[in-house]
Amino acid sequence: MHGGCYRQGRGQPYANIRHIKGKPQIKIAKFNSGNKKGKFDYCVQLLINEKIQIRHMAIESMRLAANKTLEKTTGEAGYSSRLRIYPHIRLRENKMIAAAGADRLSDGMRRAFGKANSLAARVKQGQVIMEMNVKKDHLDAAKSALKKACVKLPGTPTIKVIELKNSET
């Protein structure tokens, strides 16, 4: 499993950025997509059930899976989706040389600070990761789209449906 070492956020998140040279490019293309100004009846939310750390590649693949699935049934104007988390935390890796005679070339674990190789978002238990706003007739399509997106995430997510109050008098 790629990134299995980074699933749990152990210790403090690394916030002192002046010691890290360079920042990895964020893989998330869009945070808001669909019809942003439409009137919708329901808000379908994806929540995470445990305290976990999610890498930016997993967030992007989850977003793509949900949006493409829902766009097939509703079209571009039939929904609005929004990511509610942002990957701030830099994950470091101390790269080791794995060749013959590597013990003479590398320092091993001496001064093993590591280079920033990925970004992650720390998520609390019960926090909303993604939400989709849809009309009443596309509610089942939004639920199935978020179920397909759950496969891309570590941990056990749940789906919550909230009815929106439209003030039309």
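Within segment 16-53, which residues are open to solvent by 90 Å² or more (accessible area, probe 1.4 Å), outside any loop (DSSP other than H, G, I, E, B) and within 18 Å of Leu83 (Cβ to Cβ)?
none
If Phe113 satisfies all but one of (1) in contact (Cβ under 8 Å) with a residue 12 or more places away in the chain; (2) out of contact with any Lys or Arg (no Cβ under 8 Å at 6 or more places or on another chain), what's the number of the condition it fails?
Among (1) in contact (Cβ under 8 Å) with a residue 12 or more places away in the chain; (2) out of contact with any Lys or Arg (no Cβ under 8 Å at 6 or more places or on another chain), the lone unmet condition for Phe113 is (2).
Under 9 Å by Cβ, and 6 or more places apart or on different chains, what pairs join a residue from segment 62-87 that is part of a strand (DSSP E or B) with one that is of a type in the set (Phe, Trp, Tyr)?
From segment 62-87, the pairs are Tyr79/Phe40; Ser80/Phe40; Arg82/Phe31; Leu83/Phe31.
Residue by residue, here is whether (1) out of contact with any Pro (no Cβ under 8 Å at 6 or more places or on another chain); (2) open to solvent by 60 Å² or more (accessible area, probe 1.4 Å) holds:
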{"residue": "Ala116", "(1), (2)": "no, no"}
{"residue": "Ala121", "(1), (2)": "no, no"}
{"residue": "Lys124", "(1), (2)": "yes, yes"}
{"residue": "Gln127", "(1), (2)": "yes, no"}
{"residue": "Asn133", "(1), (2)": "yes, no"}
{"residue": "Asp140", "(1), (2)": "yes, yes"}
{"residue": "Lys147", "(1), (2)": "yes, yes"}
{"residue": "Thr156", "(1), (2)": "yes, yes"}
{"residue": "Lys160", "(1), (2)": "yes, yes"}
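Hey, Arg82 hits all of (1) within 11 Å of the chain's Cα centre (by Cα); (2) open to solvent by 20 Å² or more (accessible area, probe 1.4 Å) but one; which does it fall short on?
Every condition holds for Arg82 apart from (1).
In segment 111-131, which residue that is under 23 Å from Lys23 (Cα atoms), assigned to a loop (DSSP other than H, G, I, E, B) and not hydrophobic (A, V, I, L, M, F, W, C) is modelled with the lowest pLDDT?
Among those that are under 23 Å from Lys23 (Cα atoms), assigned to a loop (DSSP other than H, G, I, E, B) and not hydrophobic (A, V, I, L, M, F, W, C), it is Arg111.
The values are calculated or read from the model by the stated rules, or taken from the named source; none is laboratory data. Bear in mind that the values here come from a model prediction, so they are computed numbers and not experimental data. Ideal geometry is used to build each Cβ from the backbone, glycine not excepted, and the neighbour counts take in all protein chains shown. To get the accessible areas, we keep the full protein, side chains included, count just its heavy atoms, and leave off ligands, DNA and RNA. Shrake-Rupley method; radii C 1.70, N 1.55, O 1.52, S 1.80 Å.
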